[in-house]
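The values are calculated or read from the model by the stated rules, or taken from the named source; none is laboratory data. Note that the coordinates shown come from a computational prediction; the quantities given were computed from them, not determined experimentally. With ideal geometry, Cβ positions are generated from the backbone for all residues, glycine too; neighbour counts draw on all protein chains shown. Surface accessibility is based on the protein's heavy atoms, side chains included, excluding ligands, DNA and RNA. Shrake-Rupley method; radii C 1.70, N 1.55, O 1.52, S 1.80 Å.
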Amino acid sequence: MSFNNLYNNYIFKFPKIIIVLLFSSLIFFGYFANNLIIDASSDTLILEGDKDLEYTQLVSKRYYSPDFLILAYSPDEDLFSSNTLKNIEDISEKLLKIKNIASVTSILNAPILLSPPKPITALIENIPTIESDNIDLDLVRNEFINSPLYSDNLVSKDFKTTSIIINLKEDTIGIKLRDERNILRKNKSNSNISSTDLEKLLIIEEKYNSHKKDLKRINEETIKEIRNIIKPFKDKETIFLGGLGMITNDVINYVKQDLKIFGFSILLFLIITLIIIFRQLRWIIIPIVTCFFSVVITSGILGIFGWNITIISSNFISLQLIFTMAISVHLTVKYRELFHIHSKYNQKELLVKTLSSMAKPCFYTVATTIVGFSSLVFSGLLPVINFGWMMSIGIVISLFCSFILFPILQIYLDKVTPNLSFEKMLPLPEIFSRFSTFIGKKIIFIALIIFIFSVIGIIQLRVENSFIDYFKNNSEIYKGMKLIDQKLGGTTLLDITIDLDSEIKEEVYINDEDSFDDDEFDFLDEDSESISASNQLFFTSAKMELINSIHDYLDKQPEIGKVMSFATLLKVGKILNNNNDLDIIQLALLYSELPDKYKNIIVSPYLSIEDNQAKFSIRVIDSMIGLRRNELINRLKLEIPNEVNISKDRVHYSNVLILYNNMLQSLFKSQILTLGTVIILLLLMFLMLFRSLKTSLIALFPNVISISLVLGFMGWLRIPLDMMTITIAAISMGIAVDNTIHYIYRYRNELKKDNDYSLAMHRTHMSIGFALYYTSVTIIVGFCILIFSNFIPSIYFGVLTSLAMLMALLSTLILLPQLLILFKPFDNKIF
């Protein structure tokens, strides 16, 4: 069936039915679009099948490590003033009334161990807190400032800021569902799953996703309640909420806010730009309606499949607006051009001619754009893979909606004489045509210089993910994270676990320098179970020396703020023991007799006797200028085994810093290092379209220049490649390819008239050049509004997308024509 017959025999024959079907589809998919959820949880930012993820989950089981939030409190008065202590008490009491909070740790209930120092047995019997009787606050102040347990952790070194640690209740249901799901997933990946277990996996997946939604709501409510509690204090004093859960929650809110405010603003600017350019109502309504239909239908399809919007895919709506607007503008410009060429055509004939003329180039632009986004599918990160599919589906829907709505919305309208006042007022394509002719072959050398300049910038690209850099300096979340970074030991979590030597190479010893009364350990005979033999054998001097050495090494690293491990307690114990190291009996006593509420603070998070392991909890200073997370990780992996002379296989790394770094490195490899593969695929697509290697290579060159300049721009300006900006290569490719195909396709048709390459360039500029010009101006103006966002990634997206559009336009209208004129790729015989 020919293209003309399709429209004349079906679409134009039953326009009312088509309109009803379209609006029915809009309502249907609009309903499911409500299921689309923004998900910024850590689950969406980790690699599928990441072994470090499995190990992180294992560590969270072995060690007491609840999810937590932190309040950084800098009162106007002294930390030990009655008003400050009363405020902390009031805040703590209110926090404990929130359902999702398990416990609160502050200077009020932190164990006082050194004020004054006591024998271990006496200390264990009655561990005081600041609220206990006969407490010397001057001694406690000195302990908080100097104790390795509390300095840069519970209080700042200047004693002006304190933390209130909010431990959240353990998500036992979610952990159980996740573990069951992971086991079944592993069996499935190994092709070792029965049909019954496969059905069970689907059920568990559904339950787990539902539970995640409930947990997300609970976390939102918890953070909201905490902020309501601290709100009365913010007017007079400095208090901020921090923690990974808060960052996740706020990122979601920022994305939602940008989608609402700037989504409307972009739409408004698009409308204003279309009014200025076309100055006729139908050419404003049709593109906007088409964009609306395509976005709603795509969102509905994503809602049906349960694909959530993540941080990475949060801009898919904006990108779909770009591609839908581009197709609509191309159809509009073609219609206006054909109006003058075929003045005797009626409305139907004009519409069919417009659509048939643009069908092939639009189809190939869609196909090549999908190829540009195909690199995302190989990232290994599910949200990025989904983003690639989202864009592929969205672009196809944009093509479908444009080629249906453009004729249907005009079928009952009369022809309209185009208003060409904007073209006459600012004929930029004509100016570019003259400039391209004037500069001639020099533009190729200029392009090569730009390419070299860009490559140098690309070399300087760094792969980093700093949450604090997502927010403006004057925002609440930035100020809070900065305060925690500078005063309370850092924000980004890293865990290092050491497999301790299982061989017993030393005898149990008691430090000869210590003097103990015989009665001090009489309880060992009375209750031999109080200290088990395994506990005694665990606390050997070699193990303790190893833990101390690694702790001291980590503490010296400039990127690391606070290090907490069992060595922290060893250092406190040394002070308690007259500046002598604790021996095996004392350590076993401390471990066995310490009350659980204190053991969970200073022991259980750092030792696993059953697994013969020790853990180091590290907080990295996220706001440190020049921080290179991947370099830090690689350095630790290299130096720790050498520092303490152990095998590297005994050292394991986990938690947020590792998982996010793995994700970023994978994205970098899949997006940047595989650009060569994508370019080869585009070359193959050009070969299919143009059937000429020379033409295909010419078409490819401006695209490479555009992409390299955007990436080079990021490198020179030190804009990091992170989870938000890593996809800009695919986006730039998609935008640049569209312009190239439309231009060469039209140029080839214009060349058929007289085989004059220079005149063909001028005619192409004055026809399709205006479509490229209008599309670029509309998108650039619309997306520049994002520079007013409070969310830095949105600003980057707006700037980089606008830059990609500008470079695609300049390379297509200035560089590409000269390449065609110089190399003359089209053979006369094909005409």
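Using a probe of 1.4 angstrom and keeping all protein chains present, the accessible surface of segment 630-684 works out to 46 square angstrom per residue. Using θ = phi - 60° in the Karplus curve 6.51 cos²θ - 1.76 cosθ + 1.60, the 3J(HN,Hα) couplings for segment 651-668 round to 10, 10, 10, 7, 5, 4, 4, 5, 5, 5, 5, 4, 4, 5, 5, 5, 5, 4 Hz; x is entered for Gly and Pro. Please report, as a whole percent, how much of the solvent-accessible surface of the chain comes from carbon and sulfur atoms (probe radius 1.4 Å). Answer for the chain: carbon and sulfur cover 57 percent of the accessible area.
Report note on the peptides 409-417, 241-249, 346-354, 489-497: ranked by the mean count of other C-beta atoms within 10 Å, highest first, their order is 489-497, 241-249, 346-354, 409-417. Taking the charge dipole of the chain about its Cα centre, with +1 at Lys and Arg Cβ atoms and -1 at Asp and Glu Cβ atoms, the residue from Leu331, Met624, Phe29 reaching farthest to the positive side is Leu331.
Note on Ile449/Lys753: beta-carbon distance plugged into 1/(1 + (r/R0)^6) with R0 of 30 Å gives a FRET efficiency of 0.30.
With only Cα atoms counted, the chain has Rg and Dmax values of 32.8, 115 Å.
Tell me, in nm to one decimal, what length is gained between Leu281 and Ile609 on full extension, where the rule is 0.36 nm per residue of separation less the Cα-Cα distance?
Extending this stretch completely gives an extra 110.5 nm.
Between Ala359 and Glu180, the contour length at 0.36 nm per residue exceeds the Cα-Cα span by 59.5 nm. With R₀ set to 51 Å, the beta-carbon distance separating Ile17 from Lys200 gives a calculated FRET efficiency near 0.70. Peptides 326-333, 158-165 ordered by packing proxy, namely the average of other Cβ atoms within 10 Å per residue, highest first: 326-333, 158-165. Under the convention that each Lys and Arg Cβ holds +1 and each Asp and Glu Cβ holds -1, the size of the dipole of segment 327-438 around its Cα centre is about 220 debye.
Extending 7 Å from Cα along the Cβ direction at Ile341 and again at Asp214 yields two label points whose distance is 6.3 nm. If R0 is taken as 41 Å, the Cβ-Cβ distance between Asp138 and Arg227 corresponds to a FRET efficiency of 0.75. Taking a straight Cα-Cα cut-off under 17 Å and skipping sequence neighbours fewer than 8 places away in the same chain, the lysines within cross-link reach of Lys543 are Lys505, Lys571, Lys574, Lys615, Lys648. If the chain linking Lys61 and Ser549 were pulled fully straight, counting 0.36 nm for each residue of separation and taking away their Cα-Cα distance, it would gain 173.1 nm. Remark: segment 385-513 carries 50 Å² of accessible area per residue (probe radius 1.4 Å; ligands, DNA and RNA excluded).
Taking 7 Å steps out from each Cα toward its Cβ at Ile575 and Ile625 produces label points 3.3 nm apart. The alpha carbon centroids of segment 191-270 and segment 756-796 are separated by 35 Å.
Shape class of segment 427-476 from the Cα gyration tensor (axes a ≥ b ≥ c, square roots of the eigenvalues): oblate, since a/c reaches 1.5 or more and a/b does not exceed b/c. Taking the helices alone, the chain has a mean residue ellipticity at 222 nm of -20500 deg cm²/dmol, built from -39,500 (n - 2.57) per DSSP H run of at least 4 residues and averaged over all its residues.
Residue-wise HN-Hα couplings along segment 762-772, as the Karplus relation 6.51 cos²θ - 1.76 cosθ + 1.60 with θ = phi - 60° gives them from phi, are 4, 5, 5, 4, 7, 10, 5, x, 5, 5, 5 Hz; Gly and Pro carry x.
Distance between the pseudo-spin-label points of Arg691 and Asn419 (7 Å out from Cα toward the beta carbon): 4.3 nm.
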